[in-house]
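The values are calculated or read from the model by the stated rules, or taken from the named source; none is laboratory data. None of the values given here were measured: they were computed from a predicted structure. FYI the Cβ positions are ideal-geometry reconstructions off the backbone, even for glycines, and counts take in every protein chain you see. Surface areas here come from the heavy atoms of the whole protein model, side chains and all, with no ligands, DNA or RNA. Shrake-Rupley method; radii C 1.70, N 1.55, O 1.52, S 1.80 Å.
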Amino acid sequence: MRKGFTLIELMIVIAIIAIIAAIAIPNLLSARKSANESRAIGNMRTLYTQQAQLNLELRPNLYPLEGTTISNGGSCDVGSYIYTVSTTTGDAVWEITADPKPGAGNKYFYVNATGIIRFILGGTAAETDTPIE
């Protein structure tokens, strides 16, 4: 009676594990990107609410978050996205964009004083892009 495994048996087990990993890893990365994008949408809602509240409390022509969003001169790095608050020249008065860090997500987000969050795949999102339902 022999004890242990042969080299061939071990190589077969390692090959099976490698195949399973090759199938699972892309799904894991896709799920992570989806979670990052969902978190970004939640953060956009929070930033919109805070910006709208500040605009109600302060003078109408004062844009309190511009240049200081949360910190770092107009933009802040939160998790997998970079959020930027700026003033606009149109009726919207202010806008917030969220751009993913490399590999963190595929969607770029935008919201302004209308409260409609919009997205685009690639590039910086704008007021004319697809709204999130």
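Data overview
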{"quantity": "Accessible area of Phe109 in the full protein assembly, 1.4 Å probe (Å², nearest 10)", "calculated": "0 Å²"}
{"quantity": "Nearest-10 value in Å² for the accessible area of Ile19, using the 1.4 Å probe", "calculated": "100 Å²"}
{"quantity": "Sequence-distant residues sharing a close amide H with Val78 (under 5 Å, placed H)", "calculated": "Tyr83"}
{"quantity": "Two-site FRET efficiency, Thr128 against Ala24, from Cβ-Cβ distance with R₀ of 41 Å, rounded to 0.05", "calculated": "0.60"}
{"quantity": "Met11-Thr87 pseudo-label distance in nm [points 7 Å out on the Cα-to-Cβ vector]", "calculated": "7.1 nm"}
{"quantity": "Rounded to whole Hz, the Karplus (6.51, -1.76, 1.60) HN-Hα couplings of region 45-55, x for glycine and proline", "calculated": "4, 5, 4, 4, 4, 5, 5, 4, 5, 5, 5"}
{"quantity": "Amide H contacts under 5 Å for Ala113, placed H, 5+ residues apart", "calculated": "Trp94"}
